[in-house]
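The values are calculated or read from the model by the stated rules, or taken from the named source; none is laboratory data. Because the structure is predicted, anything quoted here is derived from the model rather than measured. Glycine gets a Cβ as well: all are built from the backbone with ideal geometry, and neighbour counts include every protein chain shown. The area values use the complete protein model at the heavy-atom level, side chains included, leaving out ligands, DNA and RNA. Shrake-Rupley method; radii C 1.70, N 1.55, O 1.52, S 1.80 Å.
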Amino acid sequence: MGRRRRRRRVDPADAARALPEAIAALSQTLPAGPSPETFRRAKFDRPEAAPALWRLLFRVLSPQLADGASASFSPEAQVRSVKLALRTQGYPRRALAQLPDDGSQGGRELLLALAWLLARGPLPERLLTQNRVQLGDEMPVCECEALASPGPPAPSVEADGCVDIRHLQWLMGKLRFRWRNLMASQQEQCALLGKIHSYTRGCHSDRSLGHLSVTETELLRDPEGGRQLLQRLERENARLQAALEWRRRELVFWRWMDTVLGACPPEASQPTFLPRIPTPGTGALEPLVRELQALQGELREAVEARRAAWEAGVGGRGPEWSAARTALREAVGQDLAALRQACEQGGSCSLAQPHGPHRLVRTEAGVAGGPGLRAPEVIEALRSQEARLEVVLRQLQGQCRQELARLVGAPPGPVWILPPGR
């Protein structure tokens, strides 16, 4: 007979240390992460834990802000920004939206919101990627991160009465001026990068790169900057090690969050998750199927009625109706052909909708470079995207002109012009 394996006893001291270590690892991966004691106080909804968690969620939901930029926002602005960002992302609990804007309450609700963000996706990994130390000159080839994390919303100003058209024209002119300044600064930055890459050719130890980046050039000019860069790399390495530790101890945190959720009072709101669908064998889906079929029949009747009314409005099935239908089919066919061509180009070429930043490497003409994107491919993709956006812009402008012409040509009523006073 084989020897029985003895079950390993769990040391109570180790179990007590597992939760603080898991929370400490999570806090180290997050910007402005609070201490495990703050998490413990937030579980019991202590008011002293709320300000730290409001700041944490503000930094998590606005990762593009630097440390000094986030300090310029008042606590009330940070609270409103967090509420708006969570509501935009579909956070289901209404209790958080009902918290006061001074940031003095809501520790337990904020803890649940942080757990909801962690459960949606790899939040620590995404924050580490966005805040990593850049050693090379990189260029983003997509706007996914900017669209996903637009930052705190701008303060809204409600207009009293009618809006002055001259004020709108002034705002449009100001926007164009800032856009031109941005484009000029981008062109100047590209020119300076080209000079640095050209002057430092052959200085890099990696033959595939061949030249130095701006950060590496600054290290040669200022040795003190090298020490600061080394400290930044050490802090990033510590955050990466904390992320690995968090993944190893993540289950302990979620078991503790079950107790936090159990301590919350029940909320009479819409269910967070979809209800469980019963098996077809029980027959519980038959009333739902009959209701869906009835709704489908009503929808078909409504569509037929609308189609008949539209055909009567355009003059029946005469030549004009046939010409309009042919033009509509041609327009839809052109849109489908353009979309199919864009999909085929995206699947065939090496670009294939690239994401994330890419390092800029200067290569000579006729010299085979390493793996990566080529500048002509990126330029061609950007030009095709610009052409499609211009087509959509012209369509929207045409619709706006037609709507303005309709509004001008159809006044709401007679306009009485009084004679000038004598």
Worksheet item: In this structure, does residue 103 turn out to be surrounded by 15 or more Cβ atoms within 10 Å (Cβ to Cβ), under 25 Å from the mean Cα position of the chain (by Cα), at pLDDT below 90 and not hydrophobic (A, V, I, L, M, F, W, C)?
Response: yes
Item to complete: Taking only the range 200-230 into account, find how many residues are over 35 Å from the mean Cα position of the chain (by Cα) and over 23 Å from residue 374 (Cβ atoms).
Response: 7
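Considering only residues that are hydrophobic (A, V, I, L, M, F, W, C) and surrounded by 10 or more Cβ atoms within 10 Å (Cβ to Cβ), look in the range 397-422 and name the one that is modelled with the highest pLDDT.
First pass over the range 397-422, keeping only residues hydrophobic (A, V, I, L, M, F, W, C): 400, 404-405, 407-408, 410, 415-418.
Now restrict to residues that are surrounded by 10 or more Cβ atoms within 10 Å (Cβ to Cβ): 400, 404-405, 407.
Numbers: 400: 77, 404: 71, 405: 73, 407: 66.
Across the range 397-422, the extreme among qualifying residues is 400.
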Worksheet entry | Cross-chain or 6+ apart pairs with Cβ under 9 Å, the range 376-400 first and part of a helix (DSSP H, G or I), then open to solvent by 100 Å² or more (accessible area, probe 1.4 Å) and modelled with pLDDT under 80 | 381/353
Discussion item. Please count how many residues of the range 133-167 are modelled with pLDDT of 70 or more, of a type outside the set (Val, Ile, Thr) and open to solvent by 80 Å² or more (accessible area, probe 1.4 Å).
Written reply: 3
Response to the item:
Reported set for the range 351-396 where residues are modelled with pLDDT under 70, open to solvent by 80 Å² or more (accessible area, probe 1.4 Å) and not aliphatic (A, V, I, L, M) is 353, 355, 364, 366, 371
Worksheet item: Yes or no: residue 191 assigned to a helix (DSSP H, G or I), within 20 Å of residue 133 (Cα to Cα) and out of contact with any Lys or Arg (no Cβ under 6 Å at 6 or more places or on another chain)?
Response: no
Fill in: Residues satisfying the stated conditions in the range 176-214, i.e. open to solvent by less than 40 Å² (accessible area, probe 1.4 Å) and in contact with a Leu (Cβ under 9 Å, 6 or more places away or on another chain)
193, 197, 200, 204, 212, 213
Item to complete: Give me a count of the residues in the range 79-100 that are assigned to a helix (DSSP H, G or I) and surrounded by 14 or more Cβ atoms within 10 Å (Cβ to Cβ).
Response: 8
Discussion item. Contact list please: Cβ distance under 7 Å, first residue in the range 71-92 and without any contact (Cβ under 8 Å) to a residue 12 or more places away in the chain, second residue assigned to a loop (DSSP other than H, G, I, E, B) and open to solvent by 50 Å² or more (accessible area, probe 1.4 Å), pairs at least six apart or on different chains.
Written reply: 87/97
Discussion item. Tell me yes or no: at least one residue of the range 6-16 is among the aliphatic types (A, V, I, L, M), touching a helix residue (DSSP H, G or I) at 6+ places or on another chain (Cβ under 6 Å) and either closer than 30 Å to residue 265 by Cα or modelled with pLDDT under 90 (or both).
Written reply: no
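Within the range 61-78, can you find the residues that are assigned to a helix (DSSP H, G or I) and either out of contact with any helix residue (DSSP H, G or I) (no Cβ under 8 Å at 6 or more places or on another chain) or modelled with pLDDT of 90 or more (or both)?
Passing the criteria: 67, 68, 69, 71, 76, 77.
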